[in-house]
Amino acid sequence: MKYFYDCTKYPRIYDGTYWGHFSRENLEQELIDNRNNFINDYHIKRSCKTPKKFDKYVQFKDEPFLCDHIECYYTTDKKYIIVCSPYGERPTLLTKGWKQIPPMYSTSATTYLKEI
């Protein structure tokens with residue numbers, strides 16, 4: 001059985017993600033294209049766990065469920081990229097320095113990115 005990560009150009013990077021381990025039967029080509037573009041556009045080297053020192057960017061006392069489906073990546077220029085994909089829009093994230101990018105988790109979820 002193939003998984004989502006197998007369908008990207010970068011299976012080694014996406015193998016370590018929660019999203020990557022869904023079975024291929026529900027896969028949307030738009031998500032594969034968006035994930036392939038993401039790797040190129042942001043010079044992603046690998047996926048990684050979110051360092052504890054970055055918890056302040058994904059955990060908010062006033063809105064505890066603001067971020068969902070969180071992924072973290074490390075770039076070739078030694079930056080961290082945090083991505084979250086909550087269902088529905090979260091304009092509050094935009095006021096906290098996040099930017100909206102094409103969907104990466106589901107076409108029903110809005111994806112946001114924070115570069116550190």
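All of the numbers you see were taken from the coordinates with simple rules; none came from a lab. All figures in this text were calculated on a predicted structure; none of them were measured in a lab. Here the Cβ is made from the backbone with ideal geometry for all residues, glycine too, and neighbour counts use every protein chain on show.
A few points about this structure:
- Relative contact order for the stretch 1-106, counting Cα pairs under 8 Å that sit 6 or more residues apart, in percent: 22
- Correct choice for Rg and Dmax of the Cα atoms in Å that was computed from the model, options [x] 13.6, 42; [y] 15.2, 47; [z] 17.7, 63: [x]
- Amide H contacts of Arg46: Tyr74, each under 5 Å away and 5 or more positions distant or on a separate chain (H built 1.01 Å from N in the peptide plane; Pro and chain starts excluded).
- In order along the stretch 42-58, the phi-based Karplus estimate (6.51 cos²θ - 1.76 cosθ + 1.60, θ = phi - 60°) of 3J(HN,Hα) comes to 10, 6, 6, 9, 6, 8, 7, 6, 5, x, 3, 5, 9, 3, 4, 7, 10 Hz; Gly and Pro are listed as x.
- Two-site label geometry, Thr92 and Asp68: point separation in nm, points 7 Å out along Cα→Cβ: 1.4
- The charge dipole of the stretch 4-115, taken about the Cα centre with unit charges on the Cβ atoms of Lys, Arg (+1) and Asp, Glu (-1), comes to about 640 debye, rounded to the nearest 20.
- For the chain, cysteines whose Cβ has no other cysteine Cβ within reach (under 4.7 Å): Cys7, Cys48, Cys72
- Lys45 paired with Glu25, simple spin-label distance in nm, labels 7 Å along Cα-to-beta-carbon: 3.9
- Antiparallel DSSP beta bridges within the chain, percent to nearest 5: 95
- For the stretch 4-115: lysine pairs under 17 Å (alpha-carbon distance), excluding those fewer than 8 apart on one chain: 26
- Cα long-axis angle, helix 29-41 against the chain (0 to 90 degrees, to the nearest 10): 70
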